[in-house]
Amino acid sequence: MSTRPTHPGSARKAARPEPVPNWCTLSRADQIEIKQQGRTIASGRIDILALDGSMLWIHRDTGHGRALFLRSDGVTVYRRPKTGATT
């Protein structure tokens, strides 16, 4: 039986957004997705985040300006993985 050699990273899966239960751990540099009932309703970069994690504003990816989300709305925030590029 022949086996192919494996290379580090060859079996790597594409990084997926991770849920963030504590919004206080987010920062303005984070790219996020907002989901409600399993459906993505918005995505973008955090613009403003309340210190207590009760609300956040994002600049939407779609170019439709900013959007406000309240923790009490029952939405789930997913942090997108950071890319390898740094500035």
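The values are calculated or read from the model by the stated rules, or taken from the named source; none is laboratory data. This one's a predicted model, so the numbers in the text were calculated from it and none came from an experiment. So basically every Cβ, Gly included, is an ideal-geometry build from the backbone, and we count neighbours across all protein chains shown.
ASP52 falls short on exactly one of the conditions (1) exposed (fewer than 11 other Cβ atoms within 10 Å of the Cβ); (2) in contact with a Cys (Cβ under 6 Å, 6 or more places away or on another chain), and that condition is (2).
Among the residues of the range 64-76, are any assigned to a loop (DSSP other than H, G, I, E, B) and either touching a His at 6+ places or on another chain (Cβ under 6 Å) or in contact (Cβ under 8 Å) with a residue 12 or more places away in the chain (or both)? Within the range 64-76, one or more residues are assigned to a loop (DSSP other than H, G, I, E, B) and either touching a His at 6+ places or on another chain (Cβ under 6 Å) or in contact (Cβ under 8 Å) with a residue 12 or more places away in the chain (or both). ASP61 meets the conditions (1) modelled with pLDDT under 90; (2) in contact with a Ser or Thr (Cβ under 7 Å, 6 or more places away or on another chain) in every case but one. The failed one is (1). Candidates ASP47, ASP52: the one that is part of a loop (DSSP other than H, G, I, E, B), of a type outside the set (Lys, Arg) and modelled with pLDDT of 95 or more is ASP52.
Candidates in the range 73-87 are the residues that are of a type in the set (S, T, N, Q) and modelled with pLDDT under 95; of these, the one that is nearest to PRO19 (Cα to Cα) is THR83. I'd like the residue in the range 15-37 that is out of contact with any strand residue (DSSP E or B) (no Cβ under 8 Å at 6 or more places or on another chain) and touching a residue at least 60 places away in the same chain (Cβ under 8 Å) and, out of all such residues, is nearest to SER72 (Cα to Cα). Among those residues, the one meeting the criterion is ARG16. Of the residues PRO8, PRO17, the single one that is surrounded by 13 or more Cβ atoms within 10 Å (Cβ to Cβ) and modelled with pLDDT under 95 is PRO17.
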